[in-house]
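Each remark here refers to the structure printed beneath this line.
The values are calculated or read from the model by the stated rules, or taken from the named source; none is laboratory data. Predicted, not measured: the structure shown is a model, and the values here were computed from it. Here the Cβ positions follow ideal geometry from the backbone for every residue, glycine too, while neighbour counts run over all protein chains shown.
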Ligand code: SER
């Protein structure tokens with residue numbers, strides 16, 4: 001019997017989009033989104049949904065058995081900014097969430113696992129431009145420390161126990177279907193809503209803070225791509241560098257002005273500036289390109305025009321439905 005797919009943390013920024021993409025590919029019944037709460041979204045009424053706390057290992061085992069799960073996407077985590085505010089819980093969730101899945105996969109044998117790492121696994125001593133796959137890491141944030149530790153455990157479980165775990169280091173992710181939450185790169189999503197609502201935005205990162213970013217469509221393509229790759233093509237079992245575009249808040253604002261000429265931006269950096277300053281400017285992802293055929297599609301102008309067009313459409317629909 002064909003196995004099914006479990007998404008943990010399905011109501012988050014990536015989870016919503018991944019649920020949609022995997023259902024389109026495999027059908028509604030084969031994809032089981034789960035989260036600690038069921039959000040009030042039409043998407044989650046259209047098919048199965050499980051209330052699941054990844055820290056409850058017994059329940060996690062039950063869900064995996066009940067639904068005949070053979071693939072898990074473990075996306076439940078606290079992001080960089082929220083992790084700084086609650087380090088103990090961030091460590092608990094980000095690490096034990098991963099351990100529970102890896103330990104179940106170790107016993108079960110036929111469970112393929114996706115777990116995301118991040119550019120936050122790098123640190124202030126990492127070469128910032130075109131950051132290589134293998135380099136000095138030394139993350140300085142709670143979130144980054146959990147991601148680097150997680151990467152090492154993924155490789156360990158692969159080497160010692162043959163767990164088929166696959167991972168990518170996401171850059172900042174930008175999409176219009178789901179809201180980000182608690183990240184340092186989230187300015188690059190918020191900015192579009194402010195630009196369209198009132199033509200102004202105050203960035204919490206300074207104007208020349210360059211960070212690696214990616215359109216959500218590309219991130220979903222990479223996520224499904226690495227999971228579909230033949231096992232022997234996935235040569236790195238810690239986590240792959242992954243790149244889309246890199247830009248600063250100022251450059252993003254300039255690109256937005258091409259669509260909304262009156263748009264204005266100012267800058268009021270807060271505690272997230274030091275997180276951003278410790279991360280790379282740009283990423284060398286040639287290993288992902290070579291090993292499993294990754295390529296990105298969205299450059300900056302396509303990313304910005306897509307965000308503006310799609311958010312405008314969403315706003316038009318909500319005005320229509322409220323009339
Ligand atoms: N986008 C994440 C964050 O800002 C980094 O992986 O926390």
*Please state which of the following conditions residue 62 fails to meet, knowing it meets all the rest: (1) without any contact (Cβ under 8 Å) to a residue 24 or more places away in the chain; (2) not in a helix (DSSP H, G or I).*
(2)
*Considering only region 1-33, how many residues are at positive phi and free of Cβ contacts under 8 Å to residues at least 40 places away in the same chain?*
1
*Quick one: residue 77 ticks every box in (1) in contact with a helix residue (DSSP H, G or I) (Cβ under 7 Å, 6 or more places away or on another chain); (2) away from the ligand (no atom under 16 Å from the Cβ) except a single one, so which number is it?*
(2)
_Inter-residue pairs, beta-carbon under 6 Å, first closer than 23 Å to residue 144 by Cα and modelled with pLDDT under 95 and in region 183-211, second in a helix (DSSP H, G or I) and away from the ligand (no atom under 11 Å from the Cβ), 6+ apart_ = none
*Residues of region 115-137 satisfying the condition of being assigned to a loop (DSSP other than H, G, I, E, B), within 15 Å of the ligand (Cβ to nearest atom) and under 19 Å from the mean Cα position of the chain (by Cα)*: 115, 116, 122, 123
*Matching option when the condition is over 22 Å from residue 216 (Cα atoms) and either in contact with a strand residue (DSSP E or B) (Cβ under 7 Å, 6 or more places away or on another chain) or surrounded by 22 or more Cβ atoms within 10 Å (Cβ to Cβ) (or both), among 15, 3, 9*: 3
*Can you tell which of 309, 321 is surrounded by fewer than 18 Cβ atoms within 10 Å (Cβ to Cβ), free of Cβ contacts under 8 Å to residues at least 60 places away in the same chain and under 15 Å from residue 174 (Cβ atoms)?*
309
*Go through region 141-153 and give me each residue that's within 16 Å of the ligand (Cβ to nearest atom) and in a helix (DSSP H, G or I).*
142, 143, 144, 145, 146, 147, 148, 149, 150, 151
*asked:* Suppose we keep only residues that are touching a residue at least 60 places away in the same chain (Cβ under 8 Å) and within 16 Å of the ligand (Cβ to nearest atom) within region 86-114. Which one would you say is surrounded by the fewest Cβ atoms within 10 Å (Cβ to Cβ)?
replied: 114
*Can you pull out the residues in region 61-79 that are touching a strand residue (DSSP E or B) at 6+ places or on another chain (Cβ under 8 Å) and either closer than 29 Å to residue 142 by Cβ or crowded, with 20+ Cβ neighbours inside 10 Å (or both)?*
63, 64, 69, 71, 72, 73, 74, 75, 76
